[in-house]
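The values are calculated or read from the model by the stated rules, or taken from the named source; none is laboratory data. Just so it is clear, the structure is predicted and the values come from calculations on it, not from any experiment. With ideal geometry, Cβ positions are generated from the backbone for all residues, glycine too; neighbour counts draw on all protein chains shown.
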Amino acid sequence: MEQHEADRREVLSEAERFAKSVLEHDRTGHDWWHVHRVVKLAERMAPEEGADVFICILAALLHDVADEKLNESKELGLRKVGEWLATQPLEVEEVEHVMEIISTMSFNAGSNPPMRTLEGRVVQDADRLDAIGAIAIARTFVYAGWKGDPIHDPELQPRHAMTPDEYRHGKSSAINHFHEKLLKLKDRINTASARRIAEERHRYMEQYVERFYQEWEGNA
Ligand code: ADP
Ligand code: NI
């Protein structure tokens, strides 16, 4: 039993080293400290939700290693994670569970089916929570700067009406991203523990955007 615990701790520190080595230099919002925050949230929520803490932490540590932005393709990214997991002292079911979580949890595709397992729902919520609130505001402006988008452009319409192709190639701004994605995330949270956190963070972000427009017009 104690050996088992020691092995698990070792797997988590190896996973941390692996994820750090891949994400250290990322500038697209998937940096190591994002992963660190997602792990902390998952660790806090897992016991409240009755989820397996080890699987949640392991999946949170690895969830962005396979991201398309960091790999030639998502498939190659997932293969990299699969190969790494195969080197660890884990049960086959554990490896399969973690692979399932990280391959299905990206929140980009709005029509994604809900996560199948409780652990998947917890880790997906933790990732979404990092896109809501004070830190999310900072991440969004950093990302927009990296992409070459302005902070705001009053002539840009929110792009709900565009086709996916127009959407991908159209211009955007940091403030637009709040409307397109971040302010919608609260309603897509899976678990009760995350919903409480999301609601508070959401209000903070709404107030921020409201204030931004007031200052833009010189009214505050
Ligand atoms: P995922 O974590 O599912 O890969 P993304 O890569 O889309 O999500 O986004 C990670 C973070 O980067 C978002 O939470 C947001 O803060 C920022 N971001 C993503 N796309 C944009 C964008 N077009 N403009 C501004 N910020 C963005
Ligand atoms: Ni993430």
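Taken over the range 1-31, residues that are modelled with pLDDT of 85 or more and in contact with a Ser or Thr (Cβ under 9 Å, 6 or more places away or on another chain) amount to 1.
If we scan the range 98-115, do we find a residue that is within 18 Å of R17 (Cβ to Cβ), part of a loop (DSSP other than H, G, I, E, B), in the same structural domain as F18 (by TED's automatic domain parsing) and of a type outside the set (D, E, K, R)? Scanning the range 98-115, I find no residue that is within 18 Å of R17 (Cβ to Cβ), part of a loop (DSSP other than H, G, I, E, B), in the same structural domain as F18 (by TED's automatic domain parsing) and of a type outside the set (D, E, K, R), so the answer is no. Comparison of V95, V81, V123 shows that the only residue that is of a type in the set (V, I, T) and under 24 Å from L185 (Cβ atoms) is V123. Being within 12 Å of ligand 1 (Cβ to nearest atom) and in contact with a Leu (Cβ under 8 Å, 6 or more places away or on another chain) holds for only one residue in V35, V39, and it is V35. For A126, indicate whether it is assigned by TED's automatic domain parsing to the domain that holds E217 and either within 15 Å of the chain's Cα centre (by Cα) or at pLDDT 90 or above (or both). When the stated conditions are applied, A126 does not pass them. For the range 7-33, the candidate set comprises residues that are over 23 Å from the mean Cα position of the chain (by Cα) and closer than 16 Å to E91 by Cβ; within that set, the residue that is surrounded by the most Cβ atoms within 10 Å (Cβ to Cβ) is R8.
Matching residues to (1) in contact with a Leu (Cβ under 9 Å, 6 or more places away or on another chain); (2) free of Cβ contacts under 8 Å to residues at least 12 places away in the same chain:
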{"residue": "A15", "(1), (2)": "yes, no"}
{"residue": "S21", "(1), (2)": "no, yes"}
{"residue": "E49", "(1), (2)": "yes, no"}
{"residue": "D64", "(1), (2)": "yes, no"}
{"residue": "N71", "(1), (2)": "yes, yes"}
{"residue": "E91", "(1), (2)": "no, yes"}
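Kindly indicate the residue of the range 122-157 that is β-branched (V, I, T) and within 12 Å of ligand 1 (Cβ to nearest atom) and also farthest from E48 (Cα to Cα) among those meeting that condition. Here the residue is I151.
The set of residues from the range 35-77 being at pLDDT below 95, assigned to a helix (DSSP H, G or I) and touching a helix residue (DSSP H, G or I) at 6+ places or on another chain (Cβ under 9 Å) comprises E68, L70, K74, G77.
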